[in-house]
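Some notes on the structure that comes next.
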Amino acid sequence: MKYDAVYREILGDNLILEFGRRKYDEKNNDSSPNYRRYVKDRMRELGRFMGVVKQKAPGIRGLVDLFCATKYRLTSDPTNTRVHAPSSKYDTSLLVLKLKQSLLKCCYVYRGMCLDNFETHGLVKSIDMYESRLQKKFKGDCSKLAHKTLEENKWNAEDRLPVASDVKKLHDNLKKEERKFKDALEVNPTEDFYRKLTEVVLCQIIMLNRRRVGEVQFMTLDQYEKALKLGDKEDEEVAGSLSEMEKALVKRLQLIYIIP
């Protein structure tokens, strides 16, 4: 994680650290290779949120100090989640929705921490009251506006398609770069040339797989090799129903399932 003010905020808050540990344990059991980034992003969202809250309420020392029914307004204050006052639209609507889920998870974690210690059993009622307000009022205070902003952004989004001539220029240039780095690797096999070649290949795959461009970066060598083995098994009945063009595409293209 980048060492900055948000990092220091996280490091000084035991509840955010425990939240991250729980999330890490949950996601580590999944098959997704992206769980580390997911956990880091959730923790940094809480860290940035707490940084803003502390500026408005200097008496707040950590996330646990928010878990009181009277402090709910600090949570639902729109400026904590970067709202444009003139247009009443969130800059980052998804952040608002994810923040609510993270805070609810923190309530669950902190309640368990309090129940583990007999001296802190009395805090459970306060946590329950805060969680109840968060569940019932956050939708009207923040979530509704966040969903509205997301919908309006979809309506007004400009759908720009690339010009065919530009795509061809990019494709030709990538093929040129591919040949250059392949030749360079044969003469001088260095890590730098190999890295540049992999970047060129990644760009080519992204150009081909433009529907889900973000998934390509998570493809593993094992997934690729398994897909190649499956591709060798041809269904004669299905193959017989294909046109000549479709048969040619089957020989050139390979479908690979990737876990993002």
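General observations
- Matching entry among Gly214, Gly240, Gly231 (being modelled with pLDDT under 80, under 23 Å from Leu161 (Cα atoms) and open to solvent by less than 90 Å² (accessible area, probe 1.4 Å)): Gly214
- Given (1) at pLDDT below 80; (2) exposed (fewer than 15 other Cβ atoms within 10 Å of the Cβ); (3) within 21 Å of the chain's Cα centre (by Cα), index of the condition Tyr3 fails: (1)
- Note on the range 32-128: enclosed helices (runs of 4 or more DSSP H) holding 3 or more residues that are modelled with pLDDT of 85 or more, closer than 24 Å to Arg22 by Cα and open to solvent by 20 Å² or more (accessible area, probe 1.4 Å) are 35-56, 93-115.
- For the range 200-211, a residue qualifies if it is open to solvent by less than 70 Å² (accessible area, probe 1.4 Å) and modelled with pLDDT of 80 or more, and the qualifying residues are Val200, Val201, Leu202, Cys203, Gln204, Ile205, Ile206, Met207.
- Failed condition for Asp172, given (1) modelled with pLDDT of 85 or more; (2) surrounded by 11 or more Cβ atoms within 10 Å (Cβ to Cβ): (2)
- Residues of the range 175-195 that turn out to be assigned to a helix (DSSP H, G or I) and open to solvent by 70 Å² or more (accessible area, probe 1.4 Å), as a count: 11
- Any hit, the range 158-165, residues being more than 30 Å from Ala69 (Cβ to Cβ), open to solvent by 70 Å² or more (accessible area, probe 1.4 Å) and modelled with pLDDT of 80 or more: yes
The values are calculated or read from the model by the stated rules, or taken from the named source; none is laboratory data. In this text, all values refer to a predicted model and were calculated from it rather than measured experimentally. Neighbour counts run over all protein chains shown; Cβ positions are idealised from the backbone, glycine included. Remember, those area values only see protein heavy atoms, side chains included, never the ligands or the DNA or RNA. Shrake-Rupley method; radii C 1.70, N 1.55, O 1.52, S 1.80 Å.
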